[in-house]
Amino acid sequence: MFLQQLVNGLTLGAVYTLVALSFSLVMGILGILNLAIAELFMIGGFVGFSLLVSGYPIPVALGAGMLAAGLFAIVIERVAYRPLRDAPLVTPMLSTLGFSIILQNIATNYWGSDPLQLPGYFLATRFEAGGVQIGAMQLVVLAATIILVGLLALLVRRTKIGRALRAIAENRDVARSLGVSANQLTMVAFLLSGLLAGAAGVLVGMHYTAITPYVGVDTGLKAIAVMVVGGVTNIWGALLAGPIIGIAEVMTVAYGGSQLRDFIVYGIMILILLIRPQGLLGEARAEWSQRV
Amino acid sequence: MISTYNAGLFAEIGILILGALSVYVILSTGQLSLGNAGFMGIGAYQTSFLTVEAGLPITLALLVSAIGCAALGFLVGFPALRLRGIYLAIATLGFGEMVRSLFLNLDRLGGAGGYHGMKSISGVYIWSWTLGILVAIMLLERSRLWLEFRAVHDDETAAGLVGLNATAIKVGAFGLGAGIAGIAGGLFAHHYLYIEPGNFGFERSIEFVLAAILGGSTVAPGAVVGAGLLVLLPEWLRFLADWRLAAFGALLVLMLLIRRQGILDRTTFSRLGLRRRAA
């Protein structure tokens, strides 16, 4: 029972990790919360889900979900973020919220507000080891998360684009004076963020084997908690914090009652904010006093 | 005689104005709260408990809850002072979600099933609170204290250097905002006569912020314009049927792009003032 919950928490945590990284790419570089990420995640999930239901293989569905969310992310960057870049932080946050209202409306009109279900055979394949059952879907979720986080780390740590992204995050003005195109990289950050959110959407659909237009907000807010707990500036932070929050959530539901779930998750987040505001693996930074 | 339907919208606007003002007061010291629905929820449950189970008259119950919420606002505000900017906003978001979750677990107050038994109040009663608090804040804006608020907003370090107690000012604003949100909650509960924890989630907090920013976050009457728009716009867009919300979202983005400082700002007022003087 305990081990089983551990495996379930790990899978859920993997999804949180991806959405948290999606938030922290934008937050770490631009210092704003892109509230539309919650709905990018939902849209990506629906696109991938529809393809799975029509019988396309998982990699195609995953790719399509990522692409759809990535494209929307670019639109959001151009329309809702870029013109408001020098406004107080709360303004671009609210314009991305406007977009999330639009995206949710599109989804309810297009797919309806009833949950979409995956056909039963997706769940049929299960492996058992030492009394713990793990579904093939859960393995896919875990493997896909590890591959995606690895690719992101490679991109951020080893490539020219990654160096430029880190430079912008460190100090936008200095980076620009050294010839880094801030506009271009902002778009790259939004695109990467959208791709990750879309992937997480497809994966969470596979984890729960169902999806509704309302999955976004709940997961989105939890992912913000994961981002904070892990540390905004560190990719590995999200990889550590995702499973912590996922497991804490699943364990609370199993042993403490489902109503306590959110209390525990946000309690952990606030505790971290108070005793270690930079997050478990983050480094202290000067930008904290940024104005709202 | 206005229809019940319009009376409902009227009451809804009055309550949302108070929510927007609760954000506005905190924002005027440069802090963003994404958790005011939490204070609203506490106010709603507390006021309802006092009127239903302790038999207090509504006005007294509202005052008691407002003081309770303000005190809690101080308590929450103190540790939150370690945090700034977006991190403070995220912490308040977490606070709001924790409060919502707490009420889900409080079986004494109905838990997930909600709480009811309140007696109805009129729209006029709601609006007398709304206008009373709006006027009080506008009077406050003429005081020295408000200058201190704005000094902390503009530059906390400099405000500290000229001898202002930035900590006290920030916590004070937090408490004041929490108290106003609590009143909004009490009125909400006695208008809808049924409350459940889901009424006081993140979406409500963000609605308050939206109303404050959209109307204009530098002047108190901005809250009136912002709240009015947020309630009425979806009604005006009803002819779009299924696409109503998408149009609403698009208009929000458009308004923020056209007037990022909000619909009303300080220059709107000084311009009106000048014209009056010239005439």
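Throughout, read-outs are computed from the coordinates displayed, never taken from laboratory work. Remember, it's a predicted structure, so these values are computed and weren't measured experimentally. Cβ atoms come from the backbone with ideal geometry, glycine included; neighbour counts cover every protein chain shown.
Once you put a point 7 Å from the Cα of residue B:141 and another 7 Å from the Cα of residue A:113, both along the Cβ direction, what distance in nm separates them?
Each label point is offset 7 Å from its Cα along the Cβ direction, giving 3.7 nm.
For segment B:177-279, what's the relative contact order in percent, using C-alpha pairs closer than 8 Å and at least 6 residues apart?
Values: 73 pairs, mean separation 26.7, N = 103.
It comes to 26 percent, rounded to a whole number.
Any idea how far apart residue B:128 and residue A:184 come out in nm if each label point goes 7 Å out from Cα toward Cβ?
6.6 nm
Testing the spin-label approximation: label points 7 Å from Cα along Cα→Cβ at residue B:233 and residue A:56. State their distance in nm.
Between residue B:233 and residue A:56, the label points sit 3.4 nm apart.
Listing A:281, B:264 from the residue with the fewest other Cβ atoms within 10 Å to the one with the most, what is the order?
Working: A:281 18, B:264 22.
Ranked by crowding around the Cβ, least crowded first: A:281, B:264.
Please find the FRET efficiency linking residue A:146 to residue B:78, where r is the Cβ-Cβ separation and R0 is fixed at 45 Å, and quote it to the nearest 0.05.
On the way: r = 41 Å, r/R0 = 0.92.
That pair, residue A:146 with residue B:78, gives E of 0.65.
List, in order, the whole-Hz ³J(HN,Hα) value for each residue of segment B:170-181 obtained from phi through the Karplus relation with A = 6.51, B = -1.76, C = 1.60 and θ = phi - 60°; use x for Gly and Pro.
Result, ordered by residue: 5, 5, x, 4, 4, x, 4, x, 4, x, 5, 4 Hz.
Using the 10 angstrom Cβ neighbour count as an exposure proxy, how do B:239, B:208, B:74 rank, fewest first? Spell out each step's value before the answer.
Working: B:239 8, B:208 31, B:74 16.
Ranking B:239, B:208, B:74 by Cβ neighbours within 10 Å, fewest first, gives B:239, B:74, B:208.
Using Cα positions and a limit of under 13 Å, work out the aspartates and glutamates in reach of residue A:222, with same-chain residues fewer than 8 apart set aside.
Straight-line reach from residue A:222, under 13 Å: A:249, A:262, B:97.
What GluC sites (Glu not before Pro) in segment B:8-109 are in a loop by DSSP, with at most 15 other Cβ atoms within 10 Å of the Cβ?
Working: sites: B:12, B:53, B:97; in loops: B:53.
Sites meeting the loop and neighbour criteria: B:53.
With an 8 Å cut-off on Cα pairs and a minimum separation of 6 or more residues, tell me the relative contact order of segment A:13-122 in percent. It would help to have the intermediate numbers written out before the result.
Working: 87 pairs, mean separation 34.1, N = 110.
In percent, rounded to a whole number, it is 31.
Among B:267, B:4, A:212, which comes first, second and so on when ranked by fewest other beta-carbon atoms within 10 Å?
Numbers: B:267 11, B:4 7, A:212 19.
Sorted ascending by nearby Cβ count, the order is B:4, B:267, A:212.
For residue B:155 and residue B:60 in one chain, what is 0.36 nm times their gap in residues minus the Cα-Cα distance, to one decimal in nm?
Working: separation 95, 0.36 × 95 = 34.20 nm, distance 3.85 nm.
Using 0.36 nm per residue and subtracting the Cα-Cα distance, I get 30.3 nm.
I'd like to know which of A:161, A:105, A:68 lies farthest towards the positive end of the charge dipole of segment A:13-214, counting +1 on Cβ of Lys and Arg and -1 on Cβ of Asp and Glu.
Comparing the listed Cα positions along the dipole, A:161 ranks first.
What share of all Cα pairs of the protein assembly as shown, in percent, falls into each consecutive 20 Å distance bin?
21, 55, 23, 1, 0
Which whole-Hz couplings ³J(HN,Hα) result when phi for each residue of segment B:195-208 is put into the Karplus expression 6.51 cos²θ - 1.76 cosθ + 1.60, θ = phi - 60°, listed in order with x for Gly and Pro?
Ordered by residue, 3J(HN,Hα) equals 10, 9, x, x, 5, 10, x, 4, 4, 5, 4, 6, 5, 4 Hz.
Applying the Karplus parametrisation 6.51 cos²θ - 1.76 cosθ + 1.60 with θ = phi - 60° to the phi angles of segment B:96-107, what ³J(HN,Hα) value in whole Hz is obtained for each residue in order, glycine and proline being reported as x?
Per-residue couplings from phi come out as x, 5, 5, 5, 4, 5, 4, 5, 4, 8, 7, 5 Hz.
Take the alpha carbon atoms of segment A:193-240, find their center, do the same for segment A:57-98, and report the distance between the two centers in whole angstrom.
So the two Cα centres are separated by 15 Å.
Before anything else, pin down the relative contact order of segment A:166-292: Cα pairs under 8 Å, at least 6 apart, normalised by residue count, whole percent. The partial results should precede the final answer.
On the way: 92 pairs, mean separation 26.7, N = 127.
Result for segment A:166-292 is 21 percent.
Excluding residue A:224 itself, what net charge comes from residues whose Cβ is under 13 Å from its Cβ, given Lys and Arg +1 and Asp and Glu -1? Before the final figure, lay out the partial values.
Values: positive: A:222; negative: A:218, A:262, B:97.
With Lys, Arg at +1 and Asp, Glu at -1, the net is -2.
If the reach is capped at under 27 angstrom between alpha carbons, list the lysines near residue B:170, excluding any in the same chain fewer than eight residues apart.
Candidates past the 8-residue exclusion: nothing left.
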